[in-house]
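J.: The structure is given below, and queries will be raised subsequently.
The values are calculated or read from the model by the stated rules, or taken from the named source; none is laboratory data. As the structure is a prediction and not an experimental result, all values here were calculated from the model. Here the Cβ is made from the backbone with ideal geometry for all residues, glycine too, and neighbour counts use every protein chain on show.
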Protein chains: 2
Amino acid sequence: MKTNEIFPKGQKATENFTGDTWVQMLTVDGRNFDAMSYNVTFAAGSRTDWHSHPGGQILYCITGEGRYQEKGKPAQRLKVGDVVEIKPDVVHWHGAAPDKEFVHLGISTQLSKGPATWYGAVTDEEYMVLDK
Amino acid sequence: MKTNEIFPKGQKATENFTGDTWVQMLTVDGRNFDAMSYNVTFAAGSRTDWHSHPGGQILYCITGEGRYQEKGKPAQRLKVGDVVEIKPDVVHWHGAAPDKEFVHLGISTQLSKGPATWYGAVTDEEYMVLDK
């Protein structure tokens, strides 16, 4: 079994991402858990737009190599086993390395605080800072 | 890479389990996320005691084969990729198959509703119902 086959790949995302990404919702019962969770597969070079979550988000890196950046801070490499705690209202993006696929499990916590806010695409210049 | 090496194995648990289990906390910041998360490795035959969570719990099956039972319902087999949504206050146990190691990621949601309540060990008779 390849590690990127733990959870289903799901459907191709149609907004809030640059490049090819696939999202499989894993749990959507906000009433009982005040959270939702999902498996996200990023093709090499793909990434979310800049965004923030009023209730926070936690990422669990499952396969490949990723990138993560909080607004105003340096971008970071993500490797398998890394866990990223994104506090409420912190503006950030996450995605794959330019040359490697990346899969993370994600959970949006404290869902009752409201939906994510989106701030537009991560430009190629912003995305490539770590890899120039 | 073996899939059971995604997250660290952590320390051997000393209470609330039967058999050898290892727990690695992954996130503990209840203030910012109202949740905590952990990787749990169950040796073949090991399992939690009966317990419930006032804020619910979600399990993500990563490696091997597990067992899950809610009080008053039949036990179920868990395989890689299964996601278990355990609603608030539902009394249950989870663990490995009798002959296979099992690893799950777990998240305790709505942590501010309070800690888990424990109801004692799952007996060998209760544990083996599915595997007789």
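J.: Mind checking whether some residue in segment A:116-123 is closer than 27 Å to residue B:59 by Cα and not charged (D, E, K, R)? Explain how you work it out, then say what you get.
T.: First, the residues of segment A:116-123 that are closer than 27 Å to residue B:59 by Cα: A:116.
So of that shortlist, the ones also not charged (D, E, K, R) come out as A:116.
Yes: segment A:116-123 contains one or more residues that are closer than 27 Å to residue B:59 by Cα and not charged (D, E, K, R).
J.: Quick check on segment A:29-41: of everything there that is of a type in the set (A, V, I, L, M, F, W, C) and closer than 10 Å to residue A:108 by Cα, which residue is farthest from the other protein chains (Cβ to nearest Cβ)? Outline the logic, then answer.
T.: Our first condition is that a residue be of a type in the set (A, V, I, L, M, F, W, C); within segment A:29-41, this holds for A:33, A:35-36, A:40.
Narrowing further to those that are closer than 10 Å to residue A:108 by Cα: A:35-36.
Working: A:35: 5, A:36: 10 Å.
Checking each candidate, the answer is A:36.
J.: With within 30 Å of residue B:89 (Cα to Cα), buried (at least 16 other Cβ atoms within 10 Å of the Cβ) and without any contact (Cβ under 8 Å) to a residue 60 or more places away in the chain as the only criterion, which of A:55, A:10 stands out?
T.: Details: A:10 fails: within 30 Å of residue B:89 (Cα to Cα).
The unique qualifying residue is A:55.
J.: Working only within segment B:14-42, note down all residues that are within 12 Å of the chain's Cα centre (by Cα), closer than 24 Å to residue A:80 by Cα and not polar (S, T, N, Q).
T.: B:22, B:23, B:38, B:40, B:42
J.: Tell me which of these residue B:47 doesn't satisfy, since it passes every other one: (1) more than 14 Å from chain A (Cβ to nearest Cβ); (2) buried (at least 23 other Cβ atoms within 10 Å of the Cβ); (3) without any contact (Cβ under 8 Å) to a residue 60 or more places away in the chain.
T.: Of the numbered conditions (1) more than 14 Å from chain A (Cβ to nearest Cβ); (2) buried (at least 23 other Cβ atoms within 10 Å of the Cβ); (3) without any contact (Cβ under 8 Å) to a residue 60 or more places away in the chain, the odd one out for residue B:47 is (3).
J.: While we're on this one: Quick one: count up the residues across segment B:93-121 that are buried (at least 21 other Cβ atoms within 10 Å of the Cβ) and either modelled with pLDDT under 95 or more than 14 Å from chain A (Cβ to nearest Cβ) (or both).
T.: The qualifying residues number 4.
J.: Within segment B:77-92, can you find the residues that are in contact with a Leu (Cβ under 9 Å, 6 or more places away or on another chain) and either touching a residue at least 40 places away in the same chain (Cβ under 8 Å) or buried (at least 20 other Cβ atoms within 10 Å of the Cβ) (or both)? It would help to see each step written out before you state the result.
T.: Restricting attention to segment B:77-92, the residues satisfying the condition of being in contact with a Leu (Cβ under 9 Å, 6 or more places away or on another chain) are B:77-78, B:82-86.
Result: B:77, B:78, B:86.
J.: Please specify each residue of segment B:13-44 satisfying the condition of being buried (at least 16 other Cβ atoms within 10 Å of the Cβ) and at pLDDT below 95.
T.: Across segment B:13-44, the qualifying residue is only B:13.
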